[in-house]
Amino acid sequence: MVYVDQYDAHVLDDVGYARFGPAAKAIEWGIAVHQGQQFGAINRYVMLAGCLAIAVLAISAVTMWWKRRPKRSLGLAPSPADARVYRGLFAIVVPLAILIRWWVRLFSSRWRSKASSRLPGTTLRCVDLFSA
């Protein structure tokens, strides 16, 4: 990976694979396997088989539901008779949504502040040379 100053295109840092930590190396390996760049053609065929299996499962699920559904109906479950169920669901979902939004904002701002504090006065842009 190459870190480049966005204003004058000066290379700030060039991080090669040898400088990666164990976690970064594992992630790079996982990406290479996922993209079919590792293990040659056999890996691509295994990934293709997995992709086709997911497509077949999606199609067969709809087909099985269509064959087993009641006639002239979608076969949906009846709505709850008690409205308190919806109030309870609302009381659980809304605070969780607010908590998740707060958590994302907190950690994204911390990441941005750490990235900009590495080299004061510059804004970092990361260019991934491995995918080119």
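The values are calculated or read from the model by the stated rules, or taken from the named source; none is laboratory data. On a predicted model such as this, the values are computed, not experimentally measured, just so you know. Cβ atoms come from the backbone with ideal geometry, glycine included; neighbour counts cover every protein chain shown.
Quick one: is Met47 touching a residue at least 40 places away in the same chain (Cβ under 8 Å), surrounded by 10 or more Cβ atoms within 10 Å (Cβ to Cβ) and within 29 Å of the chain's Cα centre (by Cα)?
Answer is no for this residue.
Quickly run through segment 75-106 and pick out the residues that are at pLDDT 85 or above, aliphatic (A, V, I, L, M) and over 30 Å from Val62 (Cα atoms).
Once the filter is applied, which keeps residues that are at pLDDT 85 or above, aliphatic (A, V, I, L, M) and over 30 Å from Val62 (Cα atoms), segment 75-106 yields Ala91, Ile92, Val94, Leu96, Ala97, Ile98, Leu99, Ile100, Val104.
Looking for whichever is closer than 30 Å to Met1 by Cα and either in a helix (DSSP H, G or I) or over 24 Å from the mean Cα position of the chain (by Cα) (or both) here; the options are Gly30, Gly75, Gly88. Which one fits?
Gly30
Looking at Gln38, Gln6, which is the one that is touching a residue at least 40 places away in the same chain (Cβ under 8 Å) and surrounded by 10 or more Cβ atoms within 10 Å (Cβ to Cβ)?
Within the list Gln38, Gln6, the selection yields Gln6.
Only residues that are surrounded by 10 or more Cβ atoms within 10 Å (Cβ to Cβ) and assigned to a helix (DSSP H, G or I): list them for segment 13-27, please.
If the condition is that a residue be surrounded by 10 or more Cβ atoms within 10 Å (Cβ to Cβ) and assigned to a helix (DSSP H, G or I), then Tyr17, Arg19, Ala24, Lys25, Ala26, Ile27 are the ones that fit.
Are any residues in segment 61-83 basic (Lys, Arg) and exposed (fewer than 10 other Cβ atoms within 10 Å of the Cβ), and if so, which ones?
Those that are basic (Lys, Arg) and exposed (fewer than 10 other Cβ atoms within 10 Å of the Cβ): Lys67, Arg68, Lys71, Arg72.
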